[in-house]
Structure formats: structure tokens, C-alpha cells
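Q: The structure under discussion is supplied below as C-alpha cells; questions concerning it will follow.
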Amino acid sequence: MLTVGGVPLSVEQAPNIAAFLEEAGLATTQASSLYLHIPFCFHRCHYCDFYSVVDTHRQHGDFVDRLLEELAFSAERLSLPLKTMFVGGGTPTLLEPSLWQRLGAAFKPLIDGETECTVEANPETVEEPLLDVLVDSGVNRLSIGAQSFDEGLLKALERHHAPANVGRAVRLARQAGIKRVSLDLIFAIPGQTMQMLEADLDQALDLEPEHLSYYALTYEPKTPLFQRRAGGLVEQVDEDLEAAMFERVQARLAEAGYAQYEISNYARGDLEVCRHNLVYWQGQNYWPLGPGAAGKLGALRWRNAPALPAYLKSQQWPAVVDVERLDEAGQIGEQLMLGLRLNAGLSGQQLEALLANDPASTTRRAAIEGFCQRGLLEQDGMGLRLTQQGRMLGDGIMAALL
Ligand code: SF4
């Protein structure tokens with residue numbers, strides 16, 4: 001069920017973002033980051049709650065037509081050249097090279113040599129002709145969904161690629177001239193042992209990616225995996241083992257020269273951090289394109305309706321859902337929550353600037369003090385950040401501060 005301001009709506013009834021922008025005084029505000037959502041997958045993995053449809057290429061052409069229209073209509077909302085552009089999904093690399101050529105021609109006027117342009121890829125869809133088109137389009141970063149190198153664990157995740165295809169995708173990307181490669185990996189997969197984790201880490205590090213995103217498996221409500229766990233068909237990895245795995249990931253990646261800069265993200269040096277994700281964590285603006293894509297301008301947050309048929313029929317901007325206009329306290333809570341995801345945390349100056357204007361500052365200062373006393377947050381002359389123990393419980397701490 002779609003909702004706008006808590007009111008249930010059909011996609012046909014849902015408004016677009018124009019009136020909300022006007023009402024919030026954001027009618028001329030621009031974003032210098034763009035997120036495009038390509039909502040196609042070749043099958044649905046049972047742990048995933050991203051919006052995508054399983055499709056046999058039938059709708060890809062119509063989708064690209066509509067996305068280009070939406071992009072043209074959004075041009076005034078974008079501050080050019082873009083700082084970052086991220087094409088996620090779904091599986092962006094399912095689109096044929098000829099369709100990517102059309103997307104690429106539209107992207108080029110938006111970017112320059114400094115723009116970070118990332119595309120997410122599934123290993124089995126990475127082929128030379130596609131990579132050549134991506135590079136011609138200005139794509140300079142590929143984020144490859146490896147998840148694991150263990151066939152049994154990939155099966156447990158319902159991922160269908162062969163582990164060897166990850167290395168092949170990395171090599172092809174490098175040959176095509178893509179200098180920045182990131183691998184997405186998951187730990188605490190049902191059935192995973194410490195030895196299996198070490199083997200995954202060995203294989204990931206052998207590929208020498210510039211960046212790694214290493215997430216604990218989450219059981220998102222409404223996913224088949226969540227239902228299977230509830231029905232006793234899947235056994236979740238024990239909490240202590242999951243914590244030990246997280247520590248091991250951090251230690252191995254640190255030994256290999258990757259700095260953890262966010263709870264689940266590691267980079268070989270400052271230049272390799274994902275600048276697009278930093279836009280989210282630093283509370284900057286980003287504009288969404290495609291069904292299911294989320295956007296933020298000033299105090300407004302919203303999502304294009306996750307409904308491909310309605311999207312294809314829409315004109316100008318698509319219908320939106322989950323529109324939220326945060327008040328002062330809400331924005332401060334969000335900035336605290338997002339800033340603490342980063343290892344650097346919030347500087348003393350940032351923290352004081354936030355709390356000085358915070359209507360809920362007394363409650364929040366007390367919560368921060370409580371977490372510091374429990375050893376979950378640490379505050380010093382440099383600022384406020386999660387401790388190692390706090391990183392294990394990051395979500396709970398951030399929810400309390402929100
Ligand atoms: S995990 Fe990736 S490939 Fe699997 S359904 Fe989700 S978006 Fe598609």
C-alpha cells in the first residue's frame with residue numbers, strides 16, 4: 001500500500017513532488033548528486049527489499065524512454081556538473097549496451113572529469129561490450145555484487161552467479177579502463193562459519209578492489225527470507241558469532257590496508273571512499289530518477305512510487321510516496337544519526353552547532369552522555385563518534401538519538 005503523509009493511496013491518486021517542493025519553499029533548490037534506479041532483476045533474491053521486477057527485457061526500452069523524459073524534466077533541479085551520480089537497482093547491467101548508449105548520451109552533459117559515476121553490477125552481467133559503453137558514458141566506478149565466494153552460501157542467499165565470475169568481472173572492468181572497483185559482500189549468512197568468512201576475505205582481497213562494502217545479512221520485514229526465518233526454515237547466525245565475524249572483517253581489512261570509514265564501508269585511502277554515499281551520510285541533497293528511487297532536498301525526503309506500470313504511464317515527474325517534511329528537531333536527529341555512521345563521527349563544532357538549535361537538546365544531550373558512560377559513544381576534543389562496541393549496536397544507538 002502506498003501512503004502519502006500516512007494516507008493510503010493508489011499509485012494513480014498519488015501526487016508528484018512539485019507541490020511539496022513549492023510548499024516547502026524548495027521550488028528552485030538544486031541537488032548536485034543524482035541517484036537512478038534501474039528496477040529490473042533476472043530473479044528476486046529472497047533477502048532483498050529493494051524495488052525491482054523480474055522481467056524478460058520486454059520493458060527495458062520503454063523504461064529508458066521514460067527515464068530520459070524524467071531526466072529532461074528534472075534538468076533544472078540539478079546543479080551541474082554533478083558531483084556524484086549513482087546508478088543502482090535492481091540490476092543496471094541487465095540493460096543492453098544499446099540502451100546504455102542512450103543513457104550515456106544523456107548523462108554526458110551532466111558530468112565532467114571530476115564527477116564520480118558509479119554503476120552497480122551483478123557479476124554474471126558484466127561483459128566487454130557493455131563495459132566499453134559504460135566507460136564511454138563517463139562511468140568511472142563499478143560496484144560489483146559479489147556477496148560471497150562460497151557456492152553454498154550464494155545458494156543460501158539465492159544468488160545465482162558462479163563465484164569465479166566476480167574475478168572475471170573485476171578483470172574485465174580493469175581492462176575496460178575502470179579504475180575504481182568496489183565489491184559488495186555479506187557476512188552472517190545462514191550456515192557460514194568463521195573459516196568460510198576467512199575464505200571469502202581471502203578471495204575478496206586477492207582481487208585488490210579499491211573499496212569494499214561488507215554488510216551483515218539483515219532480515220528485512222516482508223522479504224521471503226524473513227518469513228522463512230519465522231517459519232523455522234532458516235537459522236540465523238548466532239549473535240556472538242555475528243559480532244565475532246564483524247570484528248574479523250574489520251581486522252582483516254585493516255591489516256590489508258583498507259580504512260573503515262563507515263560502519264560497513266572500507267576504502268584504500270581517502271580518494272577511494274564512495275563519495276555518493278558520503279552525500280547521504282553528510283546530509284547533502286540528492287535527486288531521484290526511476291521508480292523506487294529516494295530523494296532529498298532540504299527538509300523534504302521522498303521516494304518515487306515503486307510501481308513500474310504506473311511509472312511508465314506517468315508524465316513529467318512520477319508519483320511519489322513516503323513524503324516527509326522534517327521539522328528542525330527531526331533534521332537534527334537525522335544528521336546525528338547519519339554522521340555517527342561515519343568513523344570520523346561529528347566534529348565538536350558540528351555537534352554543538354546541531355545541539356544549539358535543537359528543541360530536543362536536553363533529551364539528546366542526556367542520551368549522548370548515557371551512551372558515553374556505557375562505552376558505546378566517545379567524546380573528546382575532536383568530537384563525538386561510536387566506539388568499537390558502539391559500532392556493533394549502531395542501529396539501536398542511532399534510533400535512540402533520532
Ligand atoms: S539483491 Fe540485487 S539482484 Fe537480488 S533481487 Fe535485490 S536488487 Fe535484484
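Q: Among the residues of region 250-281, what is the count of those that are over 21 Å from Gly89 (Cα atoms) and out of contact with any helix residue (DSSP H, G or I) (no Cβ under 7 Å at 6 or more places or on another chain)?
A: 15
Q: How about region 49-78: which of its residues are over 15 Å from Ala310 (Cβ atoms), more than 16 Å from the ligand (Cβ to nearest atom) and touching a strand residue (DSSP E or B) at 6+ places or on another chain (Cβ under 8 Å)?
A: Within region 49-78, Leu71, Ser74, Arg77, Leu78 qualify.
Q: Being in contact (Cβ under 8 Å) with a residue 40 or more places away in the chain and loosely packed, with under 15 Cβ neighbours inside 10 Å is the filter here, so list the residues in region 45-68 that pass it.
A: Of everything in region 45-68, those that are in contact (Cβ under 8 Å) with a residue 40 or more places away in the chain and loosely packed, with under 15 Cβ neighbours inside 10 Å turn out to be Asp49, Asp62.
Q: Residues that are under 26 Å from Ser213 (Cβ atoms), hydroxyl-bearing (Ser, Thr, Tyr), assigned by TED's automatic domain parsing to the domain that holds Ala176 and in contact (Cβ under 8 Å) with a residue 60 or more places away in the chain: does region 78-100 have at least one?
A: Scanning region 78-100 turns up at least one residue that is under 26 Å from Ser213 (Cβ atoms), hydroxyl-bearing (Ser, Thr, Tyr), assigned by TED's automatic domain parsing to the domain that holds Ala176 and in contact (Cβ under 8 Å) with a residue 60 or more places away in the chain.
Q: Looking at region 209-222 only, could you name the residues that are more than 18 Å from Gly394 (Cβ to Cβ) and modelled with pLDDT of 95 or more?
A: Answer for region 209-222, where residues must be more than 18 Å from Gly394 (Cβ to Cβ) and modelled with pLDDT of 95 or more: Pro209, Glu210, His211.
Q: Kindly indicate whether Glu114 is more than 16 Å from the ligand (Cβ to nearest atom) and closer than 18 Å to Ser137 by Cα.
A: Judged against the criteria, Glu114 is a match.
Q: Hey, could you check region 156-178 for residues that are modelled with pLDDT of 95 or more and basic (Lys, Arg) and say which is nearest to the ligand (Cβ to nearest atom)?
A: So the residue we want is Arg168.
Q: Being within 16 Å of the ligand (Cβ to nearest atom) and either over 26 Å from Thr28 (Cα atoms) or modelled with pLDDT under 95 (or both) narrows it down to one residue among Asn140, Asn122; which is it?
A: Result of the check over Asn140, Asn122: Asn122.
Q: Next question. Return the residues of region 217-246 that are in contact (Cβ under 8 Å) with a residue 12 or more places away in the chain and part of a helix (DSSP H, G or I); say none if nothing qualifies.
A: Within region 217-246, Pro224, Leu225, Arg228, Leu241, Glu242, Ala243, Ala244, Met245, Phe246 qualify.
Q: What residue, of Gln260, Gln192, is under 29 Å from Ala344 (Cα atoms) and buried (at least 17 other Cβ atoms within 10 Å of the Cβ)?
A: Gln260
Q: Thr91: modelled with pLDDT of 95 or more, among the hydroxyl-bearing types (Ser, Thr, Tyr), closer than 25 Å to Pro309 by Cβ and within 16 Å of the ligand (Cβ to nearest atom), yes or no?
A: yes
Q: Looking at region 29-48, which of its residues are in a loop (DSSP other than H, G, I, E, B), touching a Leu at 6+ places or on another chain (Cβ under 9 Å) and near the ligand (Cβ under 8 Å from one of its atoms)?
A: Phe42, Cys45, Tyr47, Cys48
Q: Against the condition within 24 Å of Tyr51 (Cα to Cα), touching a residue at least 12 places away in the same chain (Cβ under 8 Å) and charged (D, E, K, R), how does Arg303 come out, does it pass?
A: Answer is yes for this residue.
The values are calculated or read from the model by the stated rules, or taken from the named source; none is laboratory data. Fair warning: this is a prediction, and the values are worked out from it, not measured in the lab. Positions of Cβ are backbone-derived with ideal geometry, glycine not excepted, and every protein chain shown enters the neighbour counts.
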